[in-house]
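Everything below concerns the one structure shown next.
The values are calculated or read from the model by the stated rules, or taken from the named source; none is laboratory data. This one's a predicted model, so the numbers in the text were calculated from it and none came from an experiment. Positions of Cβ are generated from backbone atoms using ideal geometry, with glycine treated the same way; all protein chains shown enter the neighbour counts.
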Amino acid sequence: MRILDRLLTSYRKRVKPYLPSSVRGLFSRALDPSLKLRGMYDFWRVRPGVTRFLGPQFHRNRRVIGIALTYACNLRCLNCDESSAQAPADAQMSIEQIQSFVDECAAADYHWNLMEIAGGEPTVHPDFLKIIDILRTYRNRYSPQTRIKVLTNGAGDKVQQMVAQVPEGIEVENSNKSGKRPAELKHSTFNLSPEEVEGYEKVDFRNACEYTYRCGTGLGPTGYYHCPVAAGMDRIFEWNIGRQSLPSEADDMEDLAERFCSKCGYFLKELQYKKPLAKQLTSPVWQQAYDDYRTRQAEKLVTIDAGPSATHAAAAGTGVVSPK
Ligand code: SF4
Ligand code: SF4
């Protein structure tokens, strides 16, 4: 199964974006039988009895970290897994948080193979280039083997101008979206909580999904998580349960997987949940979560208006980003 995963990941990253849509359709039909088989295996694999016997299927990747610099984005994709479209906000990591992250890594002599700088759209962070510089300085001084990669949607002049300023030695993965073609704004089922889906009442959510090793440990404004998607989910649910310091090698973060994967559509194993959706799908649990989030944001705005004691709320970020 791992080999199938690797082949699929390489295809999605290196081949699929460059294929014309007619050829992409042919490939995806050809892959359907193996993906169906994979879905059946995964659905069986997350049963509590099987998990007790074999242990969780996916483990947190300790060598890759996905850093969500900001939840602001210049696009509004359907089913965005950072909720940048469903609940836009300018919540972002501060320079101090990035500095403290690299200081922690240096103090612990911790070496990542890969740091992926993502969002939202990372280049819209007002201190994007300064943050890249902090990470690059850390890499050059303490961890020359660490690759640093910016993940960008590449959409619009402003984003392209920032991408052009990324210094040498920093990789860029550009999905080259225009923001105008509907196909590039579609994503698979995210806002459907497995707890609401028949057959998922009794599964072991500590199994997580392939993102926990493919995208690595997550770091966002509220801490470290077992995957980058969970960091974005905690912005909405506000459980505030991310680790507050660099997790130890022994920490699989299964408690976080148990909470977040039970709400995350990426946990759903069947093929129909893996295909890009032509519309936004928001289940009642997620709708409630977004409603609660908006209410809290509105309350924070009122608090900010009320006086200077509300600096914490202001720092959390509440503004809507205008699409470019
Ligand atoms: S480009 Fe990415 S972060 Fe932005 S809305 Fe689309 S999926 Fe979300
Ligand atoms: S939170 Fe979602 S993306 Fe992250 S490991 Fe769980 S199911 Fe996968």
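Some values worked out for this structure:
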| read-out | value |
| --- | --- |
| Residues that are out of contact with any Pro (no Cβ under 7 Å at 6 or more places or on another chain) and within 16 Å of Phe128 (Cβ to Cβ), drawn from the stretch 71-83 | Tyr71, Ala72, Cys73 |
| Filter result for Ala89 (part of a loop (DSSP other than H, G, I, E, B), modelled with pLDDT of 95 or more, of a type in the set (A, V, I, L, M) and assigned by TED's automatic domain parsing to the domain that holds Asp234) | no |
| Where a residue in the stretch 64-88 is closer than 17 Å to Ser283 by Cβ and among the charged types (D, E, K, R) and its partner, wherever it lies, is within 15 Å of ligand 2 (Cβ to nearest atom) and part of a loop (DSSP other than H, G, I, E, B), with Cβ under 6 Å and at least six apart | Asp81/Phe190 |
| Test set (1) in contact (Cβ under 8 Å) with a residue 24 or more places away in the chain; (2) under 20 Å from Phe267 (Cα atoms) - Leu37 fails condition number | (1) |
| Residue within the stretch 54-61 that is outside the structural domain of Lys158 (by TED's automatic domain parsing), out of contact with any strand residue (DSSP E or B) (no Cβ under 6 Å at 6 or more places or on another chain), more than 16 Å from ligand 2 (Cβ to nearest atom) and over 25 Å from Phe190 (Cα atoms) present | yes |
| Output for the stretch 74-100, where each listed residue is touching a Cys at 6+ places or on another chain (Cβ under 8 Å) and more than 7 Å from ligand 1 (Cβ to nearest atom) | Gln86, Pro88 |
| Conditions (1) within 16 Å of ligand 1 (Cβ to nearest atom); (2) touching a Pro at 6+ places or on another chain (Cβ under 8 Å); number of the one not met by Thr217 | (1) |
| Scan of the stretch 152-181 for residues that are surrounded by 18 or more Cβ atoms within 10 Å (Cβ to Cβ), at negative phi and within 16 Å of ligand 1 (Cβ to nearest atom), ordered by number | Thr152, Asn153, Ala155, Val159, Met162, Lys177 |
| Qualifying residue in the stretch 154-162 (condition: touching a helix residue (DSSP H, G or I) at 6+ places or on another chain (Cβ under 9 Å) and over 30 Å from Pro276 (Cα atoms)) | no |
| Condition check for Gly39: within 15 Å of ligand 2 (Cβ to nearest atom), touching a helix residue (DSSP H, G or I) at 6+ places or on another chain (Cβ under 7 Å) and in a helix (DSSP H, G or I) | yes |
| Qualifying residues in the stretch 182-198 (those that are modelled with pLDDT under 95 and out of contact with any Lys or Arg (no Cβ under 7 Å at 6 or more places or on another chain)) - the one surrounded by the most Cβ atoms within 10 Å (Cβ to Cβ) | Leu185 |
| Test set (1) exposed (fewer than 15 other Cβ atoms within 10 Å of the Cβ); (2) within 24 Å of the chain's Cα centre (by Cα) - Ala30 fails condition number | (2) |
| Of all residues in the stretch 124-151 being of a type in the set (Lys, Arg) and more than 16 Å from ligand 1 (Cβ to nearest atom), the one that is farthest from Tyr110 (Cα to Cα) | Lys130 |
| Residue list for the stretch 212-226, restricted to those being crowded, with 22+ Cβ neighbours inside 10 Å and in contact (Cβ under 8 Å) with a residue 60 or more places away in the chain | Thr212, Gly216, Thr217, Gly218, Leu219, Gly220, His226 |
| Only one of Gln92, Gln99, Gln86 that is surrounded by fewer than 18 Cβ atoms within 10 Å (Cβ to Cβ) and farther than 17 Å from Thr217 by Cα | Gln99 |
| Sole exception among (1) under 26 Å from His59 (Cα atoms); (2) more than 22 Å from the chain's Cα centre (by Cα) for Ala164, by number | (1) |
